[in-house]
Amino acid sequence: MRRIAVPSIALAAALSLAAVAPSFAQAPEAVTTVTVKPGVSPSKAGTKKKPKSVKLSFNATWKTSGPDGENKPIVQKVVIDFPKGSLYLGGKFPSCTQAKLEEDLPSKVCPKAIVGKGTGDAWADTAKTKPKFTLVNGGASKVFLYTELVNPAVVNLPVPGTVKKGGKYGGYRLTLTVPEELQVVAGTPISLISANIKTTAKNWIATTSCPKDKKWPFQVTSSQNTTADAVFTSSVKCTS
């Protein structure tokens with residue numbers, strides 16, 4: 001049987017080419033970040049005997065790595081942890097139900113339960129859309145973020161939220177779950193860019209104390225469909 005010899009020079013050349021051949025690495029996974037600028041007024045805390053009514057502002061911005069026009073994840077859930085020393089008074093305030101809010105606008109079905117308003121920006125695929133928000137009290141353990149969209153189609157629906165004592169800081173935990181009808185509208189995915197919301201009601205949220213370090217801590221966790229959870233932790237200054 002005839003043996004075929006491979007010249008050593010050719011073998012060395014092949015090995016050297018293999019060593020320097022470029023490797024095609026996978027593109028890094030997209031990463032979503034959420035940044036929040038909160039406000040609490042007044043910043044001077046009340047006491048357990050004399051809670052002090054406050055108004056809150058919540059300005060959130062979402063960004064996802066990658067070229068503009070790509071990587072637009074859909075926000076599916078937002079969790080906000082409030083600090084110890086906060087007091088939710090939804091059980092003592094006029095409230096509304098999800099069934100009523102699914103019938104018509106809050107201003108028509110339960111105007112007395114409106115506790116805040118806001119606006120936002122979002123991607124509707126590659127076009128911009130501007131959702132309008134109305135914050136509605138749902139009782140001792142519920143709140144609704146009523147959302148109005150006109151592009152890519154007219155959709156008016158409440159985003160249900162649950163309020164529970166505890167959470168990371170021992171105050172309250174608010175969990176907002178976005179319904180599927182607001183995640184994809186008329187076949188178009190909706191990706192949040194920003195949400196700016198202010199409470200307007202008196203005696204809906206109050207404070208009872210300020211920590212020794214004079215800071216009310218909070219945390220916001222945003223869950224998306226195609227990227228890992230985005231977590232933002234910070235604090236708001238307070239005085240006793």
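Quick note: the coordinates plus some simple rules give every number you see, no bench work behind them. Not measured: the values here are computed from a predicted model. Quick reminder, even Gly has a Cβ in these numbers, built from the backbone with ideal geometry, and neighbours come from all protein chains shown.
Overview of results
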read-out	value
Simple Cβ-charge dipole of the chain, Lys/Arg +1 and Asp/Glu -1, about Cα centre, in debye nearest 20	1640 debye
Mean separation of Cα contacts under 8 Å (6+ apart) over length of the chain, as relative contact order %	29 percent
Alpha-carbon centroids, the stretch 65-100 and the stretch 194-240: separation in whole Å	11 Å
Virtual spin-label span in nm between residue 132 and residue 29, 7 Å along Cα→Cβ	3.9 nm
Unit charges on C-beta of K, R, D, E only; dipole of the stretch 34-82, Debye	640 debye
Gain in span if fully extended, residue 125 to residue 237, counting 0.36 nm per residue against the direct Cα distance	36.5 nm
Estimated FRET transfer efficiency when R0 is 35 angstrom, pair residue 228-residue 98 (beta carbons, to 0.05)	0.75
Residue 184 versus residue 77: modelled label distance in nm, points set 7 Å from Cα along the beta carbon direction	2.0 nm
Sequence-distant residues sharing a close amide H with residue 142 (under 5 Å, placed H)	163
Unpaired by the 4.7 Å Cβ criterion, cysteines found in the chain	none
Rounded to 10°, Cα long-axis angle of helix 8-20 versus longest principal axis of the chain	10 degrees
Among 73, 203, 99 the positive-end extreme of the charge dipole of the chain (Cβ point charges)	203
Paramagnetic reach from residue 148 in the stretch 112-132 [backbone N under 20 Å; point 7 Å along Cα→Cβ]	112-124, 128-132
